[in-house]
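**Q** Sharing a structure below in structure tokens format, with a few things to ask.
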Amino acid sequence: MEIHHPRTLDDALQARAAGATPLAGGTDLMVEVNFGHSRPELVVALRRLQELAEWDGHRIGSAVTWRRIEREGPKALAEAARTVGSPQIRNAGTIGGNLATASPAGDGHPFLAAVDASIEMASVGGSRTVPWEDFFTGVKETSLRDDELITAVHLPERLPPRQAFAKIGVRNAMVIATVCCVVTRDEDGTTRAAFGSVGPTVLRARAAEEMISAEPRPSPAALERFQRLVEEGVSPITDHRSTERYRRHAAGVLARRLLERCLR
């Protein structure tokens, strides 16, 4: 395995165009290497590229670590960051790496979906930015091209003032989510609910959002209907971590609790 240490982003993009596999924090790629699932011949190490570690307002560089997001990020994204692995993992893992892996259980994905973030990608030929729903295309699949690097995440200029994140797993820490969720609520009542681990990619419960956004002061009956619509709007599977039935129920309960938190 040959490792290239670029000094500039342009240098890194040249290596990517030559077929190099990107390495940021290594918290996903090195697991694949250690288990023999991946053996890239050429790796381009991105950790020392200051250009990718810059955080300018609502533009978060792809090499910004979860530890930094935990300290400085918007409320719900910071809450999600605190659940990403151990402190050592958070010091190494990056938001760009989390996106590139595109796990259905990615802890950072629901926040990005809830606020309608966009993903910036670059190649030797230029850069492009796509909405989150066009970036995630399937289980661990994205629209990132073979010659591109994720360079940043763009958040909206204005974020909802009320935000909450939570996840359910088999233990309290260092666990892959059985269900994870972000709920946001704006001052005009507009509500967004996004979920991980209940579909092939992160998803939004659109019918539930529309219903509860029309309720300026949701009653217990409205909250109950919101929960039911969430359960109907997700598409979980049964696997070694949970059953489809439990995930569906848990998504509804979790979303309702987070909404109640936002309404306080």
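None of the figures in this text is laboratory data; all of them are computed from the coordinates on show. The shown structure was predicted, so the numbers you read here are calculated from the model rather than taken from an experiment. No Cβ is skipped: glycine too gets one built from the backbone with ideal geometry, and neighbour counts run over all protein chains shown.
**Q** Which FRET efficiency value, to the nearest 0.05, do you get for Arg128 and Asp188 by plugging their Cβ-Cβ distance into 1/(1 + (r/R0)^6) with R0 = 30 Å?
**A** Between Arg128 and Asp188 the formula returns 0.40.
**Q** Pairs of alpha-carbon atoms within less than 8 angstrom and 6+ residues apart define the contacts here; what relative contact order does region 162-263 have, in percent?
**A** So the answer I get is 28 percent.
**Q** For Ser86 and Glu32, compute 0.36 nm times the residue count separating them, minus their Cα-Cα distance, and round to one decimal in nm.
**A** 17.6 nm
**Q** Hey, another quick one. How far, in nm, would the chain grow between Glu260 and Ser143 when pulled straight, counting 0.36 nm per residue and subtracting the alpha carbon separation?
**A** Once the chain is fully extended between Glu260 and Ser143, it gains 38.6 nm.
**Q** What is the Cα convex hull volume of the chain when expressed per residue in Å³?
**A** 120 Å³
**Q** Taking R0 as 30 Å, what FRET efficiency do you get between Arg39 and Thr243 from their Cβ-Cβ distance, rounded to the nearest 0.05?
**A** Taking R0 as 30 Å, the efficiency between Arg39 and Thr243 is 0.30.
**Q** Still on this structure, please answer the following. Which one of Ala177, Ala24, Ala122 has the biggest mean-square fluctuation once the chain is modelled by GNM with Cα springs under 10 Å?
**A** Highest fluctuation of the listed residues: Ala122.
**Q** How would you rank Trp55, Trp132, Trp66, going from fewest to most other Cβ atoms within 10 Å of each one's own Cβ?
**A** Ascending number of Cβ neighbours within 10 Å: Trp55, Trp132, Trp66.
**Q** For Arg162, list long-range residues whose amide hydrogen, built 1.01 Å from N in the peptide plane, is under 5 Å from its own amide hydrogen.
**A** Those lying under 5 Å, H to H, from Arg162 are Arg185.
**Q** Taking Cα pairs under 8 Å and at least six residues apart, what relative contact order does the chain come out at, in percent?
**A** For the chain, the relative contact order is 16 percent.
**Q** How large is ³J(HN,Hα), in whole Hz, for each residue of region 139-149 in order, when computed from phi with the Karplus curve 6.51 cos²θ - 1.76 cosθ + 1.60 and θ = phi - 60°, using x for Gly and Pro?
**A** For region 139-149, the Karplus-derived couplings read 4, 6, 10, 9, 8, 5, 7, 5, 9, 10, 10 Hz, x marking Gly and Pro.
**Q** From the phi of every residue in region 105-122, what ³J(HN,Hα) in whole Hz does the Karplus formula 6.51 cos²θ - 1.76 cosθ + 1.60 yield, where θ is phi - 60° and glycine or proline is x?
**A** Each residue's phi maps through the Karplus curve to give 9, x, 5, x, 5, x, 4, 4, 6, 5, 9, 6, 6, 10, 10, 9, 10, 9 Hz.
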